[in-house]
């Protein structure tokens, strides 16, 4: 899928909802509707079985953050989770709006639930990079996989990639810096080029937590073709991920600018140069600055430029005229034409 989609310089953009839906089904569905309209190719959620994922003491630990939705960490996480019975609804909405349904399973029960509902793409979070037992279970599902490599060493990335490629080649590896938010001078986008060299069997991309849009076009120019960006409906909402996420208009511009980059690079066809509308309307044509007699050599002092309704010899072609001899008398102010010049 990724190789086909990103051929010929195309891009694949993922709207990462994460848990910015605030644990509300209607809000989660609104994310799909809005960000599909704004250009997402996939809408991604996160799926956890918190009582399986966290030890009892971690689950019951007090949580006093300003972004807390409950007094203990486990209760806080439960407030923000998608209920399993919502997954088929979200999957159907993604089909309705023409985007891929994507999620990050953080544990084996969540992986099983996503496979049961027919998830389109599985995400391996940076937290599970190098977690080969879990990656093996994901790889065996034979679904397209996107993997972020935030905080990972090259040997950890390579062992994870090799395991995935041992099952199928639908693998995208995303450069990522695990800082929330990530300042512009910490993005490290040159690492994309390293990943391209090291993993030619994968499509390389970028997942960033930068609060702007410029990272997308720059990553594209470095070779990224799959992009993941956190999204929100309101940056002011309570929660850790809203402040650096893109609101709908910001995401629209992120997608737009990424998709524009490949069209900005090629040189303009030489045959089009000088034929731009502005030159056809306001471009100067060569005229005689002085009377020119038949047989006279055209010199710099003989020429000037004026604007006509019909363009004759453009002034930028004066180098092709200077040094030629006039075949006829050309009066001062009269256009100089190639037919008036000796070959």
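Scan the range 307-343 for residues that are more than 18 Å from residue 279 (Cα to Cα), in a loop (DSSP other than H, G, I, E, B) and in contact (Cβ under 8 Å) with a residue 12 or more places away in the chain and the total you get is 12.
Looking across the range 190-224, the residues that are in a loop (DSSP other than H, G, I, E, B), without any contact (Cβ under 8 Å) to a residue 40 or more places away in the chain and in contact with a strand residue (DSSP E or B) (Cβ under 7 Å, 6 or more places away or on another chain) come down to 209, 223. If you take the residues of the range 294-306 that are more than 21 Å from residue 283 (Cβ to Cβ) and assigned to a loop (DSSP other than H, G, I, E, B), which of them is nearest to the chain's Cα centre (by Cα)? Checked the range 294-306; the qualifying residue nearest to the chain's Cα centre (by Cα) is 299. Restricting attention to the range 122-142, the residues that are surrounded by fewer than 20 Cβ atoms within 10 Å (Cβ to Cβ) and touching a strand residue (DSSP E or B) at 6+ places or on another chain (Cβ under 7 Å) total 3.
Residues of the range 41-52 that are closer than 18 Å to residue 241 by Cβ and without any contact (Cβ under 8 Å) to a residue 60 or more places away in the chain: 43, 45, 50. Going residue by residue through the range 151-166, is there one that turns out to be closer than 29 Å to residue 94 by Cβ, part of a loop (DSSP other than H, G, I, E, B) and in contact with a helix residue (DSSP H, G or I) (Cβ under 6 Å, 6 or more places away or on another chain)? Looking for residues that are closer than 29 Å to residue 94 by Cβ, part of a loop (DSSP other than H, G, I, E, B) and in contact with a helix residue (DSSP H, G or I) (Cβ under 6 Å, 6 or more places away or on another chain), one finds none in the range 151-166, hence no.
Values quoted throughout were computed directly from the atomic coordinates according to the rules given, and no laboratory measurement underlies them. In this text the structure is predicted, and so the values were computed from the model without any measurement. Cβ coordinates were reconstructed from backbone atoms using ideal geometry, including for glycine residues, and neighbour counts include every protein chain displayed.
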